[in-house]
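Rule-based calculations on the coordinates, nothing more; no lab input. No experiment lies behind these values; they were computed from the predicted model shown. Note that each Cβ is placed from the backbone with ideal geometry, even for glycine, and that neighbours are counted across all protein chains shown.
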Amino acid sequence: MSAARRCRPPRALAGLFVWRLRNTGVRQIPYRFVHLYHIANDRLITFQYFNFLKRMYVTQYNKDLSQRAKPKSNSIVSPFHELQQPDQEKKVVHKISPVSPVHQSWSETSSRNELREMKSAAETEDSVIPVGAESKDRQWKEMKLRLDDLPGILARLSKIKLTALVVSTASAGFAMAPVPFELTCFLLASLGTGLASCAANSINQFFEVPFDSNMNRTKNRPLVRGQISPLLAVCFAASCGVPGIALLTLGVNPLTGALGAFNIFLYTCCYTPLKRMSIANTWVGAVVGAIPPIMGWTAATGSLDAGALLLGGILYSWQFPHFNALSWGLREDYSRGGYCMMSVTHPGLCRRVALRHCLALIGLSTVAPVLDITTWTFPIISLPINLYISYLGFRFYRDADRSSSRKLFFCSLWHLPMLLLVMFTCKKSVLEKEDKGDVPGRSHERAMEIRLP
Amino acid sequence: PPAHSHSDWIGPPDKHSNLRPVIFYAPPDESALERRLREARQEAQASNQRFWARHNRAFRQEKEEFIYSRLKAKGLEVRDESGQKATLNAEEMADFYKDFLSKNLQKHLQYNRDWYKHNFRITFLMGQVALVRALRWLRRRKKNVEQ
């Protein structure tokens, strides 16, 4: 019965993706204006490949988050739309329930009529779907690959936006490493991470076709729509993954390559199947999300330092408020789709974990200067935003309703970029470290510098 | 799809299963391997359709029953004065979602295994067919060049 443990969809990825998109806008407009994050309606990610896939988040993957960041978009909005109009949704359900006689789904016109019926019901239920897209969606399409469509299809397959987010986390890891900045290394690491991320996302979508078609957030993915064959998806994944990992291993260092390969494995072979088996997937997914910054750090320094682990830890902790808040609104889809998520099976645990990790972020921010990654101004400057997200986490814990989960989710979207930005501005410069004689942990610094190439 | 078409056609999502049906094209010179691929895809499609249509229907039905029983317990009518259907809020529905998920977990585990098997088999067959076609094309080109 309670075999269902937490499952963690690649929301993190989606979140990352959204985060990324927010990042570009955050400097210009206050985060409150969510419409600012007007992201293309592509599925982000569902959090799936948080690590590699910041692109989507949402995942999916995730792959999806991008959708979430854009309340007006229909796919992402649907969970939240539900929040606002629960009555409408229930009414729609009633409309659908009269079951029409079973028929071959491909008996042409009759099914088309019913689909039109469903379409009108779906319209109320799923809220905003641009009318043009919907009517196109209701037609029969030839399953022939057109070369000019291919880039767009591959972008959606690889959850390009989430990948971009993942690459930016990795760059943050690279930037925070206490070594002089090397451009070629940075570019190679970013490219390698991006390719690995694309590969993992594609495999994830390859595995999840029937489930994606049943969830509102993910039903417009290329494999679901038959725009690309599974064989091509696998070949694309291989042609991204192999060069990506090779690039990391040979062009950067073997440790980064190994981490990249491990992350792909963790995401595709552990997280994706685990999503449907137990709620432990959320924790696995958090690790998947935490690895890219570690990869960035190891790309720069060549070794796994405490700093890398701290950065990974910050991202790991961030995943929980982000994902748990997001999944709170998607409980129906998860329940029907058979995904084991904390928000469905262990709602109390879901909220507790989110709050716990918000507070952990404060703790981790304080540890940063102790490890000589940043100056002591970092915990002080980051305290307001960490306290704010913890406050929202507490509200979510106490109230357990849609509005608090939404607030927490949207906060997490701008919280991470801002935290990383502040961290970067408070970074302890390498030169500074050489001068300071009485900084605590000096021997640690020296040890790090000795390791520098 | 038009009768003269030489490719597969994919349709809009099915009302019950949300899956998109595919009409497969069987060329007159279909090889045994290609036929196996097409049959595997048809079988997977049928199996998926059966599972999801039944599952989604069960979900909707059980959801209706749950709402009805909860409303009854609260002493409310199914329809209020204006004739609209009364609904439960998300927190009340959460119990239903949790229950439904745990009840169907075993079913899903079995389905996952079947789906992964279908998926790998189909993709592998696709790979074989693509390889055979590529070799055939190369051989034909070689013949043309020789002539």
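Brief remarks on what is shown
- Computed over neighbours whose Cβ is under 14 Å from that of B:Gly127, the net charge equals +3, Lys and Arg +1, Asp and Glu -1.
- Per-residue 3J(HN,Hα) values for the stretch A:232-248, derived from phi via the Karplus relation 6.51 cos²θ - 1.76 cosθ + 1.60 with θ = phi - 60°, read 5, 4, 5, 5, 4, 4, 5, 6, 8, x, 5, x, x, 5, 4, 4, 5 Hz in sequence order (x marks Gly and Pro).
- Average other protein chain Cβ within 10 Å of Cβ, residues A:230-238: 3
- Measure of compaction for the stretch A:305-430 (Cα Rg per 2.2 N^0.38 Å): 1.12
- Extents of the stretch A:192-345, taken as max minus min of Cα coordinates on every principal axis and listed largest first, are 46, 35, 20 Å.
- 24 Å Cα-Cα threshold exceeded, pairs from A:Lys159/A:Lys275; A:Lys407/B:Lys74; A:Lys141/B:Lys107: A:Lys407/B:Lys74; A:Lys141/B:Lys107
- Less than 5 angstrom separates the built amide H of A:Ala280 from those of A:Arg5, A:Arg6, all sequence-distant by 5 or more or on a different chain.
- Shielding of peptide B:116-125 by partners, expressed as the average count of other chain Cβ atoms within 10 Å per residue Cβ, is 3.
- Sequentially through the stretch A:264-269, phi angles give Karplus couplings (6.51, -1.76, 1.60; θ = phi - 60°) of 4, 4, 4, 5, 7, 9 Hz, Gly and Pro residues having no value and appearing as x.
- When peptides A:228-241, A:139-152, A:160-173, B:114-127 are sorted by average Cβ neighbour count within 10 Å, with the highest value leading, the order is A:160-173, A:228-241, B:114-127, A:139-152.
- Distant-in-sequence amide H partners of A:Thr374 (H built 1.01 Å from N, under 5 Å): A:Lys428
- Rounded to whole Hz, the Karplus (6.51, -1.76, 1.60) HN-Hα couplings of the stretch A:301-314, x for glycine and proline: 9, x, 9, 8, 9, 4, x, 4, 5, 5, 4, x, x, 5
- Remark: the Cα gyration tensor places the stretch A:146-281 in the prolate category, a/c being 1.5 or greater and a/b exceeding b/c.
- Virtual spin-label span in nm between B:Arg140 and A:Tyr391, 7 Å along Cα→Cβ: 7.1 nm
- Note on chain B: with a GNM built from Cα contacts shorter than 10 Å, the maximum mean-square fluctuation among B:Arg36, B:Arg57, B:Arg133 falls on B:Arg133.
- Shielding by partners, peptide B:99-112 (average Cβ within 10 angstrom, other chains): 5
- Distance histogram for the stretch B:14-65 (every C-alpha pair counted, 5 angstrom bins, percent rounded to whole numbers): 4, 18, 21, 17, 12, 10, 8, 4, 4, 2, 0
- 10 °C / 1.306 mPa s Stokes-Einstein diffusion coefficient of chain B, Kirkwood radius on C-alpha pairs, µm²/s: 81 µm²/s
- Contact order normalised by residue count of chain B, Cα under 8 Å, 6+ apart, percent: 21 percent
- Two-site FRET efficiency, B:Ser31 against A:Ala246, from Cβ-Cβ distance with R₀ of 45 Å, rounded to 0.05: 0.80
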